[in-house]
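Q: The structure follows.
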């Protein structure tokens, strides 16, 4: 199994208006605090609350129906969310405030991430836990 770095031909930064669906049917609020790097791919029906900052690194993939929160109104937690280069977030996952997901890491579908995930691992569950390391030969 290989976890390639994704290159999107002719990638252009998405046009994002605060609180409005993009042409790919995802939405972000507080876009002044949202940073999206080259080749990032955000799935349909994903919601991003960037009030305290969200940084989406180069070649990051976010599946459909995900939620990324830099602020949680339920428990009052706040903090920047950082998705490092080439990480992948499975569909229907939730990323809570003040979380960093490391470079090349994979978060499985339907996961709840409420603490940092290190680089080069596979993690999933509720809450997400590291299952195993990704070997260097798996990253192409």
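Q: Applying the selection to region 5-44, what residues are closer than 14 Å to residue 89 by Cα and either part of a loop (DSSP other than H, G, I, E, B) or touching a helix residue (DSSP H, G or I) at 6+ places or on another chain (Cβ under 9 Å) (or both)?
A: Within region 5-44, 5, 6, 40, 43, 44 meet the criteria.
Q: Whether any residue in region 25-33 is under 12 Å from the mean Cα position of the chain (by Cα), surrounded by fewer than 20 Cβ atoms within 10 Å (Cβ to Cβ) and modelled with pLDDT of 95 or more is what I want to check.
A: Looking through region 25-33, none of the residues is under 12 Å from the mean Cα position of the chain (by Cα), surrounded by fewer than 20 Cβ atoms within 10 Å (Cβ to Cβ) and modelled with pLDDT of 95 or more.
Q: In addition: Only residues in region 1-16 that are farther than 20 Å from residue 48 by Cα count as the first member; pair them with residues that are modelled with pLDDT under 65 and assigned to a loop (DSSP other than H, G, I, E, B), Cβ under 9 angstrom, at least 6 apart or cross-chain, and list the lot.
A: none
Q: Answer yes or no as to whether residue 59 is part of a loop (DSSP other than H, G, I, E, B), surrounded by fewer than 17 Cβ atoms within 10 Å (Cβ to Cβ), under 13 Å from the mean Cα position of the chain (by Cα) and in contact (Cβ under 8 Å) with a residue 12 or more places away in the chain.
A: No.
Q: Take the residues in region 84-122 that are over 13 Å from the mean Cα position of the chain (by Cα) and over 21 Å from residue 47 (Cβ atoms), then tell me which one is surrounded by the fewest Cβ atoms within 10 Å (Cβ to Cβ).
A: 118
Q: Among the listed residues 48, 131, identify the single one that is within 15 Å of residue 34 (Cα to Cα) and not in a loop (DSSP other than H, G, I, E, B).
A: Numbers: 131 fails: within 15 Å of residue 34 (Cα to Cα).
Exactly one of 48, 131 is within 15 Å of residue 34 (Cα to Cα) and not in a loop (DSSP other than H, G, I, E, B), namely 48.
Q: If a residue has to be surrounded by fewer than 18 Cβ atoms within 10 Å (Cβ to Cβ) and touching a residue at least 24 places away in the same chain (Cβ under 8 Å) to count, how many in region 34-47 make the cut?
A: 3
The values are calculated or read from the model by the stated rules, or taken from the named source; none is laboratory data. Because the structure is predicted, anything quoted here is derived from the model rather than measured. In this analysis, Cβ positions are derived from the backbone assuming ideal geometry, glycine residues included, and neighbour counts consider all displayed protein chains.
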